[in-house]
6 protein chains.
Amino acid sequence: MSGTVVRNIHRAETATIATLERLGVATVHEAQGRSGLMQPYMRPVWRGASVAGSAVTVLCHPGDNWMIHVACEVLKPGDVLVVACSSENTDGGFGELLATSVKARGARGVILDLGCRDAAPITEMKFPVWSRAISAKGTVKASLGSVNLPVVCAGVSVKPGDVVVADDDGVVIVPRLDAAKVAKAGEEREKKEAVNRARLAKGELGLDIYDMRKNLADKGLRYIDGPLD
Amino acid sequence: MSGTVVRNIHRAETATIATLERLGVATVHEAQGRSGLMQPYMRPVWRGASVAGSAVTVLCHPGDNWMIHVACEVLKPGDVLVVACSSENTDGGFGELLATSVKARGARGVILDLGCRDAAPITEMKFPVWSRAISAKGTVKASLGSVNLPVVCAGVSVKPGDVVVADDDGVVIVPRLDAAKVAKAGEEREKKEAVNRARLAKGELGLDIYDMRKNLADKGLRYIDGPLD
Amino acid sequence: MSGTVVRNIHRAETATIATLERLGVATVHEAQGRSGLMQPYMRPVWRGASVAGSAVTVLCHPGDNWMIHVACEVLKPGDVLVVACSSENTDGGFGELLATSVKARGARGVILDLGCRDAAPITEMKFPVWSRAISAKGTVKASLGSVNLPVVCAGVSVKPGDVVVADDDGVVIVPRLDAAKVAKAGEEREKKEAVNRARLAKGELGLDIYDMRKNLADKGLRYIDGPLD
Amino acid sequence: MSGTVVRNIHRAETATIATLERLGVATVHEAQGRSGLMQPYMRPVWRGASVAGSAVTVLCHPGDNWMIHVACEVLKPGDVLVVACSSENTDGGFGELLATSVKARGARGVILDLGCRDAAPITEMKFPVWSRAISAKGTVKASLGSVNLPVVCAGVSVKPGDVVVADDDGVVIVPRLDAAKVAKAGEEREKKEAVNRARLAKGELGLDIYDMRKNLADKGLRYIDGPLD
Amino acid sequence: MSGTVVRNIHRAETATIATLERLGVATVHEAQGRSGLMQPYMRPVWRGASVAGSAVTVLCHPGDNWMIHVACEVLKPGDVLVVACSSENTDGGFGELLATSVKARGARGVILDLGCRDAAPITEMKFPVWSRAISAKGTVKASLGSVNLPVVCAGVSVKPGDVVVADDDGVVIVPRLDAAKVAKAGEEREKKEAVNRARLAKGELGLDIYDMRKNLADKGLRYIDGPLD
Amino acid sequence: MSGTVVRNIHRAETATIATLERLGVATVHEAQGRSGLMQPYMRPVWRGASVAGSAVTVLCHPGDNWMIHVACEVLKPGDVLVVACSSENTDGGFGELLATSVKARGARGVILDLGCRDAAPITEMKFPVWSRAISAKGTVKASLGSVNLPVVCAGVSVKPGDVVVADDDGVVIVPRLDAAKVAKAGEEREKKEAVNRARLAKGELGLDIYDMRKNLADKGLRYIDGPLD
């Protein structure tokens, strides 16, 4: 299916996406059973960015960013471009001009399993980009890949229309059909965490809050008074 | 000794720890004969943090942060939690809730030979954390490790009560019994460096200040006027 | 030729260097045919630095920074020190004192295919340094290398007097004799990009601006309306 | 869906699998349009192994091999076990005992995106295993994963019943429904290659056999007689 | 303590060492509670080597093998040289001449957290060496380290006289005072494994042999008949 | 100069090349002052290969092997193809068919700063190849690079006609004009090593043979009888 562009995709509901964005990567990842997290080499080009949106998926080849140009045409406002590469590569296939373009087309952010160039102007634009490297290495426009077919990006399977959530902790993918359920689970988790945070802040121990002492003892944990030296 | 917690440890003197903190990683590392420095993959979650404290050591297993919860109970104000892992792993075994907890218990910072999640809130809290990665990957609470037994963390042997010094340059460990001696050596080094810095700032050469010319000549260094092309 | 220092080198014209600095790494790299870019592990010690200058080249050995001291003497105002290492090493062979020294001698920046220590004071000094790592690991002064002979630094061949351009995107080397030509090509590229940026910002597509549709069709790209699921 | 085991899966036809095995990884990968290849860190525990079979997929967690034991029960003769891990880990979750077990249940080989222990006895058994590392590091049996649900293994999406082909070149996955088509395309490719190999062995050039000269000239390739130095 | 050589060390009993050698790395590592295993980047220069012996520990600096020469003098027959390095380095500090020397002095093998050169003659000599890399890169003799002081090698703390066990699975360290106990535990493990191996070879499942079904059910594992697609 | 092929190059004398081949990588690297060694990630596809020859240099782009086909035409018997890549990439740009071709044209071996596919048939052919990876990943023929211009390959500057020496220890480059001198220095080194090897084999210490005791004492090395524990 190389050489294929799918123009239209299903997208999750806007409200669901907004909830997932507010919850952030760590909570969403837990809420969907600790799955869907991209590998930790995916880092924001600038710290502090935080987005969620519908994945428009792109498959490129090493040193070649042609398909990103093709993908620009099918972006809708609120989308997040997710660019996979057919083998490991850090070339700078995305930079200021493409950032200008996808921003003009309404994209909320870009996820690159390749390099990003123009780190300074992209930081100044405050356009959110996550990438595996920062590299000025230029790319060619020679090989067809795909747009809006399923890809594997930074170790995670991404289907077009899945929800992408990204912040300083990295990037997590929520399958579209699970998005509402995950958003709800995340909100519940958030509430519990707020209670626990308050108790922990007062000096209570997780050992007690999470009721761990019995399990630890059952496993055989033993305490020694010490010091040993 | 897996499954063991030592409640009490010896600690270095507060004044010594304060001196080591002020001296910083690079000076302390030199002052103790260029030893004790953790591998350079250990990076601060946010730039500008700087701490020193007594090591409370933890051994976890990959993908499992149970022992960090156990360690919270034996922390004393001024301590620095040092978390080793039994094999290479970047999962996010420490995040905002644990940061809230260890801070409430008085810890001054955390050193993780694993991943850290919740990078944004931890940065906002200004709680000092050094880790090998930033990753939202969740962890389980299933396997016993140890607390306050000797560990190897990021290539360095750490005994409970050793002094941990950490800043933007990384993390260095000072054996507790050497701490006073190292602090003193560091202060002497600091004085010498202040003099040399002033001379270098005026344009004097290290070649002259450190009296290197004869050694270089003895080794056979030769000068050519050039240019060669 | 180990153990050799060349005192004098040819340098590119100041105006050319200034133009290359303004253009920045990404544009210069493209303007000289996508060559000369150091590997992307070379990162600025602090974000936002941007310099260009004539390369004074140094070859060190792992864990040994002696030749950097030697190189200080042959630096001229406007130079950029480029330090290669005879094998992969991250030890902190350059820190605050050497930064003070090379700054006093007029150097505009330093490129290290080794580690940099004293990240905090160097950031405070706003002295521009790119390195493969931040590490406090100290070095010795025991082995001769070379100054102002050709080196390979971070994957790029550098001859003394070549122009070094460095910013948040990394480091690119322009051969001295090509510098004027590359500067001119870069300025032309800059003008074209300004026009394209404006068009892209209005929402025009790269597909149309760069006239890609026919090539894509010739290669066999096919569009499907979708959604597929 | 963590904590789920699917007992039965569809499998490709035996004859198709046999053809794909004979063709080998490189030919199969090309025949399906250069897709499906696992990352090159996946290496055989011993050189010379070569297998194909139906994927029984397993998802484990770092340092935990419990689900491999669970998977043994649903293996059918001719299957290949494909073990993914929820984050990067090299612990030795598979060794001689499990090799004995899966071999007894008819498995033809094992693909591990984690470590393999007992390299010597597995080599002696001539049981084919590919892994990301060789490591004796033991694992626990504490966390549920899944068996026969889709996984991402070494950068490739694998669904249960997909055909796994593995040899000294690595591991490639052929989607089950494409297997017959890919086998056929591979056989055609093989025939063409046999002809070309014979011509190349006589000293004919790829430039002529593949008719590249015109394309090269159109792109602007120019020849210089040289030598240049 | 840099610049120190300890001439004499305590060693474990010969019979214990012989037992540990026969048991091999994987069994020994399990028998001592899954600890003491060096990182998996430590690989044999040639496959099939297998040794155990008393550790003579060396600390070198990057690019400098001087202390290995010093260590030769304190080697006793049956020892294994364990060479740590003060920072990450792959230079070839050990080759055919040193192999000839340590073999003549009775060493049974060498563990290098640096590079090994002369891979072909060392393979021909059948002298057992484990290293982090194969590299011809030469080293200098300029900096003092230590011999027979505790070191951290490939992530493991090694004291002089500890028992080193190494084979195709890697390298494991057994603290000297634990050696007899670990040898005994390993032999018991070996017996159990022999029984289990026989049962597994007949097709019995680990699920039943290790009685896992109840635990899996308690954790919530559920079975689906499938196929799902 | 991208898009340029130089047809003819100067080559070193056959006898010199033969001497360098016999001496091997480690000796040649030392004999030319510890320079010219490629990074240690360059490994032979099969162990035991050993070659020397004149470098025909190729620059490819990631995922593109077009220029290797172009280079075949300018190979002369005895040459070694040296393939650099404009950024880090492991795609399998060289396999059995190209091996057949370059062998038919008289090449003695191939050095690839990219991946090699068809590891099994190349091993069977006993055609010597060194590469940074084994990978079946296919490549395209879309971008011009160069043939017989200077390149940087695996960290070393290589000019066409330089002598390539490769064996199990890796790959070293000898500048053509230095080849005779280096061959002679290598032969002298070889003689000295033969004498030293014989002395070391008898149990004499390098400390005495190389007269190191005084230097060690001058540096401050001190001996303690021990044991310390």
Compute the Cα gyration tensor for segment C:112-164, then decide on rounded, prolate or oblate, letting a ≥ b ≥ c be the square roots of its eigenvalues: rounded whenever a/c is under 1.5, prolate when a/b is larger than b/c in the other cases, and oblate in all that remain. oblate
Calculated label separations, C:GLY203, copies of the chain, 7 Å along the beta-carbon direction, nm: 6.0, 6.0, 6.5, 6.8, 9.0
Using the Cα centre as the reference, give the magnitude of the dipole from point charges on the C-beta atoms of chain D (Lys, Arg: +1; Asp, Glu: -1; all else neutral), rounded to the nearest 20 debye. 400 debye
Relative contact order (%) - segment E:94-151, alpha-carbon pairs under 8 angstrom, separation at least six: 33 percent
Check which residues have an amide H placed less than 5 Å from F:SER86's amide H, if you skip close sequence neighbours. F:CYS60, F:HIS61
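Arranged from highest to lowest average of other beta-carbon atoms within 10 Å per residue, in what order do the peptides C:24-35, D:95-106, C:194-205, B:181-192 appear?
C:24-35, D:95-106, B:181-192, C:194-205
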If I take every Cα pair under 8 Å that is 6 or more residues apart in chain A, average their sequence separation and divide by the length, what percent do I get for the relative contact order? 29 percent
Using θ = phi - 60° and the Karplus curve 6.51 cos²θ - 1.76 cosθ + 1.60, what whole-Hz ³J(HN,Hα) does each residue of segment D:221-229 get, with Gly and Pro shown as x? 5, 10, 10, 10, 5, x, x, 8, 10
Segment A:1-81: relative contact order as a whole-number percent, Cα under 8 Å and 6+ apart: 31 percent
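Applying 1/(1 + (r/R0)^6) with R0 = 30 Å to the Cβ-Cβ distance of F:LYS191 and F:ARG47, what FRET efficiency is obtained, to the nearest 0.05?
The pair F:LYS191/F:ARG47 has a calculated efficiency of 0.65.
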Residue by residue, what Karplus-based ³J(HN,Hα) values in Hz, rounded to whole numbers, does segment E:53-60 have, using 6.51, -1.76 and 1.60 with θ = phi - 60° and x for Gly and Pro? x, 7, 6, 9, 9, 10, 10, 10
Which of the pairs D:LYS137/E:LYS219; A:LYS219/E:LYS159; C:LYS159/C:LYS181; D:LYS141/E:LYS214; F:LYS76/F:LYS159 have their Cα atoms more than 23 Å apart in this structure? D:LYS137/E:LYS219; A:LYS219/E:LYS159
With label points built 7 Å along Cα→Cβ from the Cα atoms of F:GLU124 and B:ASP218, find their separation and express it in nm. 6.2 nm
Suppose you put the label 7 Å out from Cα in the Cβ direction; list, shortest first and in nm with one decimal, how far E:ILE224 is from each other copy's label. 2.3, 4.9, 6.4, 6.4, 7.2
Shortest first, in nm, what separates the label point of C:THR14 from those of the same position in the other copies (7 Å along Cα→Cβ)? 5.8, 5.8, 5.8, 7.9, 8.4
Positive end of the dipole of segment A:1-144, charges at C-beta (+1 Lys, Arg; -1 Asp, Glu), about the Cα centre: which of A:CYS116, A:GLY78, A:VAL102 has its Cα farthest in that direction? A:GLY78
Cross-link reach from A:LYS184 to aspartates and glutamates, straight Cα distance under 18 Å and at least 8 residues apart if same chain, gives A:GLU13, A:GLU21, A:GLU30, A:ASP162, A:GLU193
Degrees separating the helix A:14-31 axis from the principal Cα axis of chain A, which is the longest one: 50 degrees
Just from its helices, what would the mean residue ellipticity at 222 nm be for chain D, if runs of 4 or more DSSP H residues each count -39500 (n - 2.57) and the sum is divided by every residue, rounded to the nearest 500 deg cm²/dmol? -9000 deg cm²/dmol
Counting sequence-distant residues (5 or more places) and residues on other chains, those with an amide H built under 5 Å from that of B:PHE94 are B:ARG117
Taking the DSSP beta bridges in the protein assembly as shown as the whole, what percent of them are antiparallel, to the nearest 5? 45 percent
Once a ≥ b ≥ c are taken as the square roots of the eigenvalues of the Cα gyration tensor of chain C, is the result rounded (a/c under 1.5), prolate (a/b larger than b/c) or oblate (a/b not larger than b/c)? prolate
Tilt of helix A:179-201 relative to the longest C-alpha principal axis of chain A, in degrees (0 to 90, nearest 10)? 40 degrees
May I ask which residue of F:ALA179, F:ALA154, F:SER135 lies farthest towards the positive end of the charge dipole of chain F, with charges of +1 (Lys, Arg) and -1 (Asp, Glu) on Cβ and the Cα centre as origin? F:ALA179
Counting only Cβ atoms, what residue of chain D lies nearest to the axis that sends chain D onto chain E, and how many whole Å off? D:ARG47, 6
Around B:LEU177: net Lys/Arg minus Asp/Glu count, Cβ-Cβ under 10 Å: 0
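Determine the shape class of the protein assembly as shown: with a ≥ b ≥ c the square roots of the Cα gyration tensor eigenvalues, call it rounded for a/c under 1.5, and otherwise prolate if a/b is greater than b/c, oblate otherwise.
It comes out rounded by the Cα gyration axes.
Quote the charge dipole size of the protein assembly as shown about the Cα centre in Debye, to the nearest 20; the model charges only the Cβ of Lys and Arg (+1) and of Asp and Glu (-1).
Value, rounded to 20: 0 debye.
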Amide H within-cut-off set for F:VAL140, under 5 Å, with H built and near neighbours excluded: F:ASP64, F:ASN65
Expressed in nm to one decimal, what extension gain is obtained for the pair C:GLU73 and C:TYR210 from 0.36 nm per residue of sequence separation less their Cα-Cα distance? 44.3 nm
With +1 on each Lys and Arg Cβ and -1 on each Asp and Glu Cβ, and nothing else charged, work out how big the dipole of segment C:71-175 is about its Cα centre, in Debye to the nearest 20. 280 debye
Karplus ³J(HN,Hα) for segment A:209-216 (6.51 cos²θ - 1.76 cosθ + 1.60, θ = phi - 60°; Hz, whole; x = Gly/Pro) runs 4, 9, 6, 8, 5, 5, 4, 4
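Each reported figure results from applying straightforward, stated rules to the coordinates on display, with no laboratory input. Quantities reported herein were computed from a predicted structural model and do not represent experimental measurements. Reconstructed Cβ throughout: ideal geometry from the backbone, glycine too, with neighbour counts over all protein chains shown.
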